[in-house]
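Worksheet: the structure to be examined is printed underneath.
The values are calculated or read from the model by the stated rules, or taken from the named source; none is laboratory data. Worth saying up front: this structure is predicted, and the values here are computed from it rather than measured. Positions of Cβ are backbone-derived with ideal geometry, glycine not excepted, and every protein chain shown enters the neighbour counts.
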C-alpha cells in the first residue's frame, strides 16, 4: 500500500531535549515536505526537499533541521525543542514538486 | 504567493451536491489551483487540481472561471464521510511551497 509513515505518532518531551521525528514514504517520490498545524494558523510549511541532498526552507524553519540522505526518508530534527514548537506535524511527499502531495497521519508533539 | 479566500464553513444535506467556492483574484498565469481536504484527526488528502479547464476525477469536479479569479469544487453527492475542512491552494510548481489558508469546514447533515 502506498503510504507515508511517521514516528512517533505522539510525543511528550521537555524543553531542550533533542528529538527526531521520522518520515518515510514507499512511493519513490522525489519531493518531501514537513508542515506544522496550529489552531487558527492552518498548515505552515517548515522545510521541503526536491531530492536527495537537496533541502530548502519553508515558511517557518526556525528551530528545525532536516536531512535527506535517502530518497524514502526525510527526518525532522528539533535540536533544542521549546514550548512554542508544541504542534501537530505532518510529513508529505509527491512525485513532482508540490503536486498531489500524500500526507502522513501526523505526529502530535508536546514540549513542556 | 497569491492568496485564496474561502467561506469559513458550509452546510449540506447528505446525498445532495455541494459547491465549495474559492476566490483567487491575484492568481498568476502559472498558478495551478489545488484542492485538499482534511478529515477529522487525519492528514490532508489531495482532492483535485487544475490550471484552466474544468477537471473531473473520482472524488470531485473542479470548475474554473474563465478569468481564473475564482473556482468551485463540486462534490456531486455529499456523504457523511465528506465532512472535512476543504482547502483551496494556489501553487506554481516552480516555488515548491504549498501554502494552506483557513479552508472551509463542510458539515454534512443526514
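Restricting attention to the range A:6-28, the residues that are buried (at least 16 other Cβ atoms within 10 Å of the Cβ) and over 15 Å from the mean Cα position of the chain (by Cα) add up to 1.
If we scan the range B:15-24, do we find a residue that is surrounded by 13 or more Cβ atoms within 10 Å (Cβ to Cβ) and within 14 Å of another protein chain (Cβ to nearest Cβ)? No: zero hits. Residue B:3 falls short on exactly one of the conditions (1) part of a loop (DSSP other than H, G, I, E, B); (2) more than 15 Å from residue B:107 (Cα to Cα); (3) in contact with a strand residue (DSSP E or B) (Cβ under 6 Å, 6 or more places away or on another chain), and that condition is (3). Per the conditions (1) more than 8 Å from every other protein chain (Cβ to nearest Cβ); (2) in contact with a strand residue (DSSP E or B) (Cβ under 8 Å, 6 or more places away or on another chain); (3) without any contact (Cβ under 8 Å) to a residue 40 or more places away in the chain, the sole criterion not satisfied by residue A:44 is (1).
For the range B:89-100, the criterion of being more than 14 Å from the chain's Cα centre (by Cα), at pLDDT below 95 and buried (at least 20 other Cβ atoms within 10 Å of the Cβ) is satisfied by at least one residue.
All of (1) at negative phi; (2) part of a loop (DSSP other than H, G, I, E, B); (3) more than 10 Å from chain B (Cβ to nearest Cβ) hold for residue A:24 with one exception: (2). Applying the criterion of at least 2 residues that are away from chain B (no Cβ under 14 Å) to the strands (runs of 3 or more DSSP E) found wholly in the range A:55-112 leaves A:76-78, A:107-111.
Considering only residues that are modelled with pLDDT under 95, more than 11 Å from chain B (Cβ to nearest Cβ) and in contact with a strand residue (DSSP E or B) (Cβ under 8 Å, 6 or more places away or on another chain), which ones fall in the range A:1-21? Of everything in the range A:1-21, just one residue is modelled with pLDDT under 95, more than 11 Å from chain B (Cβ to nearest Cβ) and in contact with a strand residue (DSSP E or B) (Cβ under 8 Å, 6 or more places away or on another chain), namely A:2.
Examine the range B:30-44 for a residue that is more than 24 Å from residue A:39 (Cβ to Cβ), assigned to a loop (DSSP other than H, G, I, E, B) and either out of contact with any strand residue (DSSP E or B) (no Cβ under 6 Å at 6 or more places or on another chain) or at pLDDT 95 or above (or both), and state whether such a residue exists. Outline the logic, then answer.
First, the residues of the range B:30-44 that are more than 24 Å from residue A:39 (Cβ to Cβ): B:30-33.
In the following step, the residues that additionally are assigned to a loop (DSSP other than H, G, I, E, B) were identified as B:30-31.
Cutting the leftovers down to either out of contact with any strand residue (DSSP E or B) (no Cβ under 6 Å at 6 or more places or on another chain) or at pLDDT 95 or above (or both) gives us B:30.
Within the range B:30-44, one or more residues are more than 24 Å from residue A:39 (Cβ to Cβ), assigned to a loop (DSSP other than H, G, I, E, B) and either out of contact with any strand residue (DSSP E or B) (no Cβ under 6 Å at 6 or more places or on another chain) or at pLDDT 95 or above (or both).
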